[in-house]
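Visitor: Next up is a structure, given as structure tokens.
No lab work stands behind these numbers, since they all come straight from the coordinates. Just so it is clear, the model here is predicted, and its values are computed rather than measured. Cβ sites come from the backbone with ideal geometry, for glycine too, and all protein chains shown count toward neighbours.
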Amino acid sequence: MEQLKTEEQFQEWRNKEKVIMLFSADWCPDCRFIEPFLPELEEKYSEYNFVYIDRDDFLDICIENGVLGIPSFLAFHQGEEIGRFVSKQRKKRDQIEAFIDGLEK
């Protein structure tokens, strides 16, 4: 999974094809819960680029995109948001897969 390093890079990523951004933080227990199966999701949905965004490092991006709870996912395709799974609730693998399966292609 790529890790976001700059705000400019966020704009570059959102303009690419099929990008799923994971908003997370090291201190978040619900974020740690999904970590073990993230590599398997990346492999299963290899047509998508996955980008990790540390909420604490990019709080302005979170606010601008309405991401207040973590872990949360935003999906983009060529600059257009095609889906979001944003809440402060713990996410389970089947919920994340249902989110990805439901994305507009």
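Visitor: Nothing charged except the Cβ atoms of Lys and Arg (+1) and of Asp and Glu (-1): what's the magnitude of the dipole of the chain about its Cα centre? Round to the nearest 20 debye.
Guide: So the magnitude is around 400 debye.
Visitor: For segment 1-39, which GluC sites (Glu not before Pro) are both in a DSSP coil and crowded by at most 15 other Cβ atoms within 10 Å?
Guide: Sparse-neighbourhood loop GluC sites (Glu not before Pro): Glu17.
Visitor: Moving on. Fewest Cβ neighbours within 10 Å first, please rank Trp13, Trp27 accordingly.
Guide: Sorted ascending by nearby Cβ count, the order is Trp27, Trp13.
Visitor: Same structure, new question: Can you run phi through the Karplus equation (6.51, -1.76, 1.60; θ = phi - 60°) for segment 31-41 and list ³J(HN,Hα) in whole Hz, with x for Gly and Pro?
Guide: Taking θ as phi minus 60°, the curve returns 6, 5, 4, 8, 4, x, 9, 4, x, 5, 5 Hz for segment 31-41.
Visitor: Out of residues 5 or more away from Ala25 or on other chains, whose amide H comes under 5 Å of its own, with H placed 1.01 Å from N in the peptide plane?
Guide: Here the answer is Arg55, since their amide H atoms fall under 5 Å of that of Ala25.
Visitor: Within 10 Å, count the other beta carbons around each residue, average over each peptide in 93-99, 82-88, and list them highest first.
Guide: Numbers: 93-99: 14.0, 82-88: 16.0.
Output ranking for 93-99, 82-88: 82-88, 93-99.
Visitor: Can you divide the C-alpha Rg of the chain by 2.2 N^0.38 Å and report the result to two decimal places?
Guide: 0.96
Visitor: Also: With θ set to phi - 60°, apply the Karplus curve 6.51 cos²θ - 1.76 cosθ + 1.60 along segment 80-93 and write out the HN-Hα couplings as whole Hz, x wherever there is a Gly or Pro.
Guide: After applying 6.51 cos²θ - 1.76 cosθ + 1.60, I find 9, 6, 10, x, 8, 10, 10, 5, 8, 7, 4, 9, 9, 4 Hz.
Visitor: Take the Cα of Gln11, step 7 Å along the line toward its Cβ, and report every residue of segment 36-70 whose backbone nitrogen sits under 13 Å from that point.
Guide: Inside the label zone: nothing.
Visitor: Restricting to the chain, compute how many DSSP beta bridges are antiparallel as a %, nearest 5. Mind dumping the intermediate values first?
Guide: Working: 10 of 18 bridges.
Within the chain, antiparallel bridges account for around 55 percent of the total.
Visitor: Starting from the Cα of Gln95, step 7 Å along the direction of its Cβ; do the same at Ile63; then give the gap between the two resulting points in nm.
Guide: Output for this residue pair reads 2.7 nm.
Visitor: Using 0.36 nm per residue of separation minus the Cα-Cα distance, give me the extension gain between Glu81 and Trp27 in nm, one decimal. It would help to have the intermediate numbers written out before the result.
Guide: Working: separation 54, 0.36 × 54 = 19.44 nm, distance 2.72 nm.
Residue separation times 0.36 nm, minus the Cα-Cα distance, leaves 16.7 nm.
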